[in-house]
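First up is the structure itself, then whatever we jot down about it.
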């Protein structure tokens, strides 16, 4: 028996492209704009969301039959906040260095609309295993866009990738900078992320015209 | 048995139970881990203070590397010769001074009390370091750090940290390439305690001019940078009277 049925596999694969949370569902845009100035921050955020959304989706899915619909948003918020605080506290006690790196992301994860969005749209109506796959798929789809945006912003804005200088040294003018190339400071600020995300959406829709909505 | 989740009474009961359960779990977790967390924070402070006076494991131009936590306590007592608490004109020695909470002291000062100012005197190879703790505001939340001065008020090293500055932008104040620029700068302009400004467009990206009270700013992090400037000048001015007594003129 296959580990994943065809439907299960599509739960993971669809959000990577044709149902991408950022470019199609327009969820999680805020963090995609805020923290993609560096590739490293993008990767850390993608991994953190993978954990929280995977586990959160399962928890919400298990609770789906007992959550009163009138206060379901608050319940979802409390579940995700509790999960994130538990992880943060445990890391602070046992992996302090790691927690220093992640602490900045804690607030961003709790308020990340991709998490609330998937709880609301999927986990409340589906079983735990499907919800887990949906969580993994969506956070991977989210992560891919974050990494694409982080890649271009760090490369063009700072001339580095994952902190390593790849284009030479902009101050002592070595490598590409010797030819008169300059870093584009605009790429570092959040509006540049909006433009990069816009270009990704444009490319994606021009390749698959079925994604374009009718007016 | 199907539960009617639409009833008001169910909603109220559900909410109450959830609050109690979540509250209990978090309270239990916080109280059982708090000692371990406090211990980690204490060691981190020692690491940061030593880092500012150049006791660290930095290699080349790479990333920040502290003294490992299992060695830091002994290194701290080896290099930090004195810890002072300055309260107005009164100066007392206290080897727990590094645990003073600057935020609480700032609040106390606002309420008209005399604030306790901790100061650490380090000694490395016969050179004296006067290490001042700092605390200020970044873009989103608190920033803090330590600055190590010699007796001519020239910065020997700094360490900055932050609560929640933006990753990749303001968060870069704790990167080597930013902090290393401060070394060699004087906090004095003439006889005035001017601090060091994080300046845009000072046209000195390699930071070769060490007497201009300026270092090159971080792109995209103007407000955090301004916060660092304000923090340094406010902090050194709090210690002005003491620093005047030890300054070599």
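Read-outs throughout are calculated quantities, based only on the coordinates presented, and are distinct from any laboratory measurement. Computed from a prediction, not measured in an experiment: that's the story for all the values here. Cβ: placed from backbone, ideal geometry, glycine included. Neighbour counts: every protein chain shown.
Just a few scattered comments:
- 0 to 90° range, to nearest 10: angle between helix A:96-110 axis and chain A longest Cα axis: 70
- Taking region A:22-152 and dividing mean pair separation by its residue count, relative contact order in percent (alpha carbons under 8 Å, at least six apart): 50
- Each 10 Å bin from 0 upward holds the following percent of the Cα-Cα pairs of chain A: 8, 29, 32, 21, 8, 2, 0.
- Pairwise centroid distance, computed over Cα atoms, of region A:90-160 with region B:1-47, Å: 22
- For the pair residue B:237 and residue B:5 in one chain, pulling the backbone fully straight at 0.36 nm per residue adds 77.4 nm over the alpha carbon distance.
- Column: log10 I(q)/I(0), Debye, Cα scatterers of region B:24-72, q = 0.23, 0.25, 0.26, 0.31 Å⁻¹: -0.79, -0.86, -0.90, -1.09
- Between the helical axis of B:8-52 and the longest alpha-carbon principal axis of chain B there is an angle of about 20 degrees.
- With the cut-off at under 17 Å, measuring from each backbone N in region B:118-137 to a point 7 Å along the Cα-to-Cβ line of residue B:248 picks out B:122-131.
- For region B:41-246, a Kirkwood hydrodynamic radius built from all Cα pairs, placed in the Stokes-Einstein relation at 25 °C and 0.890 mPa s, yields a translational diffusion coefficient of 143 µm²/s.
- Estimated inter-spin distance, residue B:91 and residue B:106, nm [label 7 Å along Cα→Cβ]: 2.5
- Helix A:128-158 and the longest principal axis of the Cα set of chain A meet at an angle near 10°.
- Treating r as the C-beta distance of residue A:65 and residue A:10 and R0 as 25 Å, the FRET efficiency rounds to 0.50.
- Scaled against the 2.2 N^0.38 Å expected of a compact globular protein of N residues, the Cα radius of gyration of region A:153-215 reads 1.52.
- Note on the protein assembly as shown: Cα-only Rg and Dmax are 25.8, 85 Å.
- Contour minus Cα-Cα distance for residue B:204 and residue B:78 (0.36 nm per residue): 41.6 nm
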